[in-house]
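The values are calculated or read from the model by the stated rules, or taken from the named source; none is laboratory data. The structure presented is a predicted model; accordingly, all values stated were derived computationally and were not measured. Neighbour counts are summed over all protein chains in view; Cβ atoms, including those assigned to glycine, are modelled from backbone coordinates with ideal geometry. SASA here: full protein model, heavy atoms, side chains in, ligands and nucleic acids out. Shrake-Rupley method; radii C 1.70, N 1.55, O 1.52, S 1.80 Å.
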Amino acid sequence: MVNINFISSKGVLQKADAVAGETLMECAKKNQIHEIEAECGGGCSCATCHVYIHKEWLDKLEKPSEMEEDMLDFAFNVKENSRLSCQIKIEDVLDGLTLETPETQF
Amino acid sequence: MSKLIETDALIIGAGPVGLFAVFELGLLNINCHVIDILDKPGGQCAQLYPEKPIYDIPAYPMISGKDLTDKLLLQIKPFSPVFHFEELAKDLKKNNDGTWHISTKKGLNFHAKVIIIAAGGGSFEPKKPNIPNLEKYFDQVRYSIDQIDNFKNKDIVILGGGDSALDWTVQLNEIVKSLTLIHRRDVFRGSPATVNKVMDLRDKGEIKFHVGQVKNIIGSNGILDAVQCEKKEGILEIPCDILMPFFGLTMSLGPVEKWGLNLLEDRVSVSTETYQTSVPGIYAVGDINTYPGKLKLILSGFHETALMAHAVFKYINPEERLTLQYTTTSSSLQKKLLAK
Ligand SMILES: Cc1cc2nc3c(=O)[nH]c(=O)nc-3n(C[C@H](O)[C@H](O)[C@H](O)COP(=O)(O)OP(=O)(O)OC[C@H]3O[C@@H](n4cnc5c(N)ncnc54)[C@H](O)[C@@H]3O)c2cc1C
Ligand code: FES
């Protein structure tokens, strides 16, 4: 099990167990993280699974693909630590990954 | 009022289920017009995952959203459905004789014996950015252009870096007083020709371009005056008469909500015998409907259209008997299918 810390826009922490191989978005949906919508179900075509990864974890992730960068253009309030959670594969080394969810996905 | 378009059935939504509804209705000689707010058929399959494979369409071990749409279009061709794209079905009225009148946002008018709602996850609408007070200035925040004259000699601010943002930048630039394009990075995603054109306009100083994001707008007495663009270097205030945000599309139930149908959790309740809604003469199939055990699958939507079509036939022709015919063996069905 890989532990993920979801912090809501209101600052509320929700811990969730993820399985290596699934995506961060899938883990969020399973655990009913409300601020993640994922309208396209992981197709990288909606940008409603936008999250802010905590700085210390950013380097441990693979860099976003060009497709993800393009889709981030459709997210709002994009920051340097913005990512689309459906494009992040959970791995064992991500145990403890901490991220914030935005107030709205629009 | 524009000319009234007559049809047996008016299908709202050209997603996979709306398309197959044309087929099932067509077999029973019920002709169809189809409305969709998108500029193309296929619904979610075309808009959200055209290149992704689907594995649970019977007899297709694997098929992409795009191929499924193309094959459905081919399959329904014999019934010559008439499509009306980029049209939002908006107002619904019942006529005295029990038929229906539907008008679209842009002003098309339909007269139909029955309405088939195949609106899926709802209509695709532009995302509205989460900027405080945006709704206060709804008149000055535009997601499309109805009358280009309204943009003449105005200060326009366009947000985004995709096709829509770039296309409108190029088109509007000629007639406006000033045009500012704001995007979160200096990379654009659009057809190379349009991207080059925008770069060229920027280099010549004909448009202004900022890397940044708009998080606040400023106005007084209900009139929008300026936007605040957050840049690395600080906040920049840019005069603005019309703001055009282009952050893609999202699905929302839309006008269907206001048609007086029984809804359950934003879905239209139907009978599983007829797929009729709580209002006689209005049917709902595919992702938009709900009933005990509903699965939002294309497969289930297809099944629903067959039962719906038989129910519609009986509704339109109460005196006639309808027997089930197979497309394999029925000569009259084959005549229809092979006619064109
Ligand atoms: C990423 C993803 C993967 C999927 N994978 C599968 C899969 O493997 N197998 C499967 O069976 N299903 C899958 N689905 C679900 C499947 O796509 C839907 O069940 C299917 O698209 C529903 O079809 P529909 O015709 O009911 O609605 P939609 O495809 O949603 O089409 C509805 C159309 O109606 C239009 N519309 C709505 N309201 C209005 C209005 N008022 N005026 C004008 N137009 C309107 C919309 O613009 C839209 O084009 C997937 C969905 C997603 C997002
Ligand atoms: S779920 Fe749609 S882009 Fe991630």
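Considering B:107, B:120, the condition of being open to solvent by 20 Å² or more (accessible area, probe 1.4 Å) and at positive phi is satisfied by B:107 alone.
Can you tell which of B:96, B:130, B:31 is within 14 Å of chain A (Cβ to nearest Cβ) and either touching a helix residue (DSSP H, G or I) at 6+ places or on another chain (Cβ under 8 Å) or without any contact (Cβ under 8 Å) to a residue 24 or more places away in the chain (or both)?
On inspection, the qualifying residue turns out to be B:130.
Can you confirm whether region A:34-50 contains a residue that is in a strand (DSSP E or B) and within 14 Å of chain B (Cβ to nearest Cβ)? The answer is yes, given that some residue of region A:34-50 is in a strand (DSSP E or B) and within 14 Å of chain B (Cβ to nearest Cβ).
All conditions but one from (1) surrounded by fewer than 22 Cβ atoms within 10 Å (Cβ to Cβ); (2) on the phi > 0 side of the Ramachandran plot apply to residue B:13; the one that does not is (1). Scan region B:125-182 for residues that are polar (S, T, N, Q), at pLDDT 95 or above and within 30 Å of residue B:44 (Cβ to Cβ) and jot them down. Result: B:169, single match. Starting from region A:64-89, take each residue that is under 10 Å from residue A:49 (Cβ atoms) and open to solvent by less than 10 Å² (accessible area, probe 1.4 Å) and list its partners that are assigned to a helix (DSSP H, G or I) and away from ligand 2 (no atom under 12 Å from the Cβ), counting only C-beta distances under 9 angstrom and pairs at least six apart or across chains. Between residues of region A:64-89 that are under 10 Å from residue A:49 (Cβ atoms) and open to solvent by less than 10 Å² (accessible area, probe 1.4 Å) and residues that are assigned to a helix (DSSP H, G or I) and away from ligand 2 (no atom under 12 Å from the Cβ), the close pairs are A:85/A:27; A:88/A:94. Scan region A:5-36 for residues that are within 16 Å of ligand 1 (Cβ to nearest atom) and more than 11 Å from the chain's Cα centre (by Cα) and the total you get is 1.
Taken together, the residues in region B:45-78 that are out of contact with any strand residue (DSSP E or B) (no Cβ under 6 Å at 6 or more places or on another chain), aliphatic (A, V, I, L, M) and open to solvent by less than 90 Å² (accessible area, probe 1.4 Å) amount to 6. Report, by residue number, each residue of region A:72-106 that is within 16 Å of ligand 1 (Cβ to nearest atom) and assigned to a loop (DSSP other than H, G, I, E, B). Correct list: A:74, A:105. The set of residues from region B:302-334 being hydroxyl-bearing (Ser, Thr, Tyr) and open to solvent by 40 Å² or more (accessible area, probe 1.4 Å) comprises B:315, B:323, B:326, B:327, B:328, B:329, B:331, B:332. Can you spot a residue in region B:206-229 that is in a helix (DSSP H, G or I) and closer than 19 Å to residue A:74 by Cα? No, region B:206-229 has no match at all.
Counting only strands (runs of 3 or more DSSP E) wholly contained in region B:233-299, the ones carrying 1 or more residues that are open to solvent by less than 40 Å² (accessible area, probe 1.4 Å), hydroxyl-bearing (Ser, Thr, Tyr) and within 14 Å of chain A (Cβ to nearest Cβ) occupy B:249-252.
Among the residues of region A:9-38, those identified as near ligand 2 (Cβ under 10 Å from one of its atoms) and either at positive phi or open to solvent by 50 Å² or more (accessible area, probe 1.4 Å) (or both) are A:26, A:29, A:37, A:38.
Given the structure, is residue B:67 more than 16 Å from ligand 2 (Cβ to nearest atom) and part of a helix (DSSP H, G or I)? Judged against the criteria, residue B:67 is a match. In region B:37-58, the residues that are without any contact (Cβ under 8 Å) to a residue 12 or more places away in the chain and more than 13 Å from chain A (Cβ to nearest Cβ) form Cβ pairs under 8 Å with partners that are part of a loop (DSSP other than H, G, I, E, B) and not charged (D, E, K, R), at six or more places apart or across chains, as follows: B:55/B:61; B:55/B:62. Within region B:193-219, the set of residues being within 14 Å of chain A (Cβ to nearest Cβ) and open to solvent by 30 Å² or more (accessible area, probe 1.4 Å) comprises B:211, B:213, B:215, B:216. What residue, among those in region A:51-66 that are within 17 Å of residue A:96 (Cβ to Cβ) and acidic (Asp, Glu), is farthest from the other protein chains (Cβ to nearest Cβ)? Checked region A:51-66; the qualifying residue farthest from the other protein chains (Cβ to nearest Cβ) is A:56. What about residue B:182, is it in a strand (DSSP E or B), closer than 30 Å to residue B:230 by Cβ and without any contact (Cβ under 8 Å) to a residue 60 or more places away in the chain? Yes.
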